[in-house]
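One structure below.
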Amino acid sequence: MSEPTTSDGEAVYNVFDRSTPAGRALFAIYNGDNAGKKTGNKISGRNRAAHQKKLEGGYVPTVIEEADWNKRKTDKPSLQQMEVPVPQVYGAVARDPEAVGRPGLPFMGKKAERQIKAEAKQLDLEISAAPAPEYKGLQTNEKEKIRYARKLEFNGKPPEEMPEGHFKKPVKREPPTRLQELEGLFADCVTAIEEREEFLADMTKCGMREKYETQIKGEIQQKLTTLKSLDEKIKALTLRPER
């Protein structure tokens, strides 16, 4: 199959870029399945290497003559009829003397028309004689309707209903005042300073104080500055209470 070319002699599949559908189709036609070929060659090479290794280890493959090979392909196993042991009965079969006058079983065939009509008439009589079911009226129990609706809503497993007052009502809390917020921030700063001093003491015991001393002291100094600012604001609010 010759490759198509343009008027300038260039291959067609080089004119179209593979970014277009036409270019990808031409590449697949004239370039072939390179990925499949590479995979097949890789597997074949691996099998050849394994076979060569077996030969070097003393493996001798079984040689089958061509005549024997052809005979194996053409010969088919002969089909033989299975032999099933069948019991043989000799002599006359013994009969039950009491079954001589016994009537035979009825013929299981189609029912006669008169039999069908007689059975239908008997069935109508039985139905007409049966008592009519008692009419209980419509179900108007609203509570039962609500229970059934909840059962359908939760796929037959509604949650357990809790009595009223089982759950405590949330207590409405007043928002903290500005003074309370500042006092909370002040306490947080004091805790942060104490934690950093404890950390620095632990590093001193481990012999690693010089590594963290500058950083920790800088953080403590920032917290002290924040404490001073918070203290001034708290004093100002204490002298002049919030309205």
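No lab work stands behind these numbers, since they all come straight from the coordinates. This one's a predicted model, so the numbers in the text were calculated from it and none came from an experiment. With ideal geometry, Cβ positions are generated from the backbone for all residues, glycine too; neighbour counts draw on all protein chains shown.
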- Query: Taking the Cα centre of region 158-198 as the origin and placing charges on Cβ (Lys, Arg +1; Asp, Glu -1), which of Ala187, Pro176, Pro163 is farthest toward the positive end of the dipole?
  - Reply: Pro163
- Task: Quickly work out the Leu239-to-Ala49 label distance, labels modelled 7 Å from Cα along the C-beta direction, and quote it in nm with one decimal.
- Result: 8.9
- So which lysines pass the test for Lys54, namely a Cα distance under 24 Å, with those fewer than 8 places away in the same chain ruled out? Lys42
- Query: Using a cut-off of 19 Å between alpha-carbon atoms, which lysines can reach Lys223, once sequence neighbours fewer than 8 places away in the same chain are excluded?
  - Reply: Lys233, Lys235
- Message: Give me the extension gain from Ala25 to Asn141: residue separation times 0.36 nm, minus the current Cα-Cα distance, reported in nm with one decimal.
- Response: 34.5 nm
- Simple label model, 7 Å out from Cα along Cβ direction - Lys157 to Val63, nm: 7.4
